[in-house]
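The values are calculated or read from the model by the stated rules, or taken from the named source; none is laboratory data. Since the model is a prediction, treat every value here as computed from it, not as a measurement. Note that we place each Cβ from the backbone using ideal geometry, even for glycine, and neighbour counts take in every protein chain shown. Keep in mind that these areas ignore ligands, DNA and RNA; they rest on the heavy atoms of the full protein, side chains included. Shrake-Rupley method; radii C 1.70, N 1.55, O 1.52, S 1.80 Å.
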Amino acid sequence: MKIALTQLSTKDLATLAQRILSNAQSGKYPVINNHPLVGALASSYTEYDKVYTKQVYSGKGKDVATADHERDTAYANLKSFLNGYRKLPSAANYQQAEDLYGVFKTFGLNLDRLSYSSQTAQMKKLIEALETTENKQKITLLSLDAAFAEMKAKQDAFEIVFAEQAGANADLRQMTSASAIRKDLEKTLKTYLNLLTVMKEVSGWELLYSDTNELVKAAKNSTSEKKESGEIPQK
């Protein structure tokens, strides 16, 4: 009963281990009832099952990118309005627009091109500066309260999503390596199959060996079919 466990896909390894374990625990084979190796296999499979389908990253990258795009848009819209309005000396309160645009200049006019962390730091400082009593009055005179509130809201929303992503990624990194867990399952499964191979001619073990061998053959055939179809690259 030979099979290259390392060549099985993550899903096929999980399927084979689950079938072999279910068979061993079925009660059909008294010789294997309460065997410590079955307990070890169950433990290894349980750990593998927890992580073999987990994503390498949190999966929140798209949400972070979307939140960043939305805050970029709110920032750019407000900045563009001030830049255009300040160039119209004949317009009412154009000086207020000039002053507020100067605040934007202080913290950089290309914040939307910075890294997530750098932009966040500068955006927080910009918002703090715009929230002074004097600047809030200028924002109100220009009827920009809603636009400023939107920029603040988008910044807050980004920080929330970014923090969620950071926390989720940290949790994933703290989990035991999926590759290490796979090796443990492969080792335990191989030991179990070796036991059945050694005992296959001993009374009471023949049927267990035969049935398990069929499960192994099915796993090998599945891998071969995937290679022929191109689903698994040939070496």
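Residues in segment 135-152 that are open to solvent by 50 Å² or more (accessible area, probe 1.4 Å) and farther than 14 Å from Y101 by Cα: Q137, T140, L141, S143, D145, A146, A149, E150, K152.
In summary, D112 fulfils each of the numbered conditions (1) under 27 Å from I32 (Cα atoms); (2) crowded, with 16+ Cβ neighbours inside 10 Å; (3) of a type in the set (D, E) with the single exception of condition (1). Scanning segment 176-221 for residues that are in a loop (DSSP other than H, G, I, E, B) and open to solvent by 30 Å² or more (accessible area, probe 1.4 Å) yields T176, S177, K200, E201, V202, S203, G204. Pairs under 7 Å by beta carbon, first residue modelled with pLDDT of 90 or more in segment 42-69, partner among the acidic types (D, E) and surrounded by 12 or more Cβ atoms within 10 Å (Cβ to Cβ), six or more apart or different chains? Within 7 Å, the pairs are S44/D184. Filtered by the rule that a residue be polar (S, T, N, Q), farther than 17 Å from K154 by Cα, touching a residue at least 12 places away in the same chain (Cβ under 8 Å) and part of a helix (DSSP H, G or I), segment 73-123 gives N83, Q96, T106.
Residues in segment 125-137: is at least one in a loop (DSSP other than H, G, I, E, B) and more than 30 Å from N33 (Cβ to Cβ)? Yes, that holds for at least one residue. What is the number of the single condition among (1) open to solvent by 60 Å² or more (accessible area, probe 1.4 Å); (2) of a type outside the set (D, E); (3) in contact (Cβ under 8 Å) with a residue 24 or more places away in the chain that L8 does not meet? L8 satisfies every listed condition except (1).
Scanning segment 202-234 for residues that are among the β-branched types (V, I, T) and modelled with pLDDT under 90 yields T223, I232.
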